[in-house]
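All of the numbers you see were taken from the coordinates with simple rules; none came from a lab. It should be emphasised that the depicted structure is a prediction, and the values quoted were computed from it without experimental measurement. In this analysis, Cβ positions are derived from the backbone assuming ideal geometry, glycine residues included, and neighbour counts consider all displayed protein chains.
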Amino acid sequence: PTCGVPRCGNKLASTKHPFCPEHYAMTQICRVVGCNEKTRPGSKVCSDPAHHAGEVKYHEAGTAAFQLK
């Protein structure tokens, strides 16, 4: 696996990391494309309610309760 930054071919320190060591600080930046705010603790998105709702929906999609809706 390689870094999540476009056109960066660096290898990851661990397969559990989304970014290479050079870009590891990006883990503290909101994952929504175009947003550069810092993430909330324990989250991959910032405090924007729309971004939080998207993260909740993403995690909900993997649950059985979502499939029953």
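Ratio of alpha-carbon Rg to the 2.2 N^0.38 Å globular estimate for the chain, to two decimals, please.
This ratio for the chain stands at 1.28.
Can you give the angle from 0 to 90° between the axis of helix 49-60 and the longest principal axis of the chain, with both taken from C-alpha atoms, to the nearest 10?
That works out to roughly 80 degrees.
Given the DSSP H assignment, sum -39500 (n - 2.57) over each helix run of at least 4 residues in the chain and divide by its residue total; what's the result at 222 nm in deg cm²/dmol, nearest 500?
So the helix-based figure for the chain works out to -7000 deg cm²/dmol.
Using label points projected 7 Å from each Cα along Cα→Cβ, tell me how many nm separate residue 8 and residue 57, to one decimal.
Spacing of the two 7 Å Cα→Cβ label points: 2.8 nm.
Residue by residue, what Karplus-based ³J(HN,Hα) values in Hz, rounded to whole numbers, does segment 25-30 have, using 6.51, -1.76 and 1.60 with θ = phi - 60° and x for Gly and Pro?
Per residue, the Karplus-derived 3J(HN,Hα) values read 4, 5, 5, 9, 10, 3 Hz.
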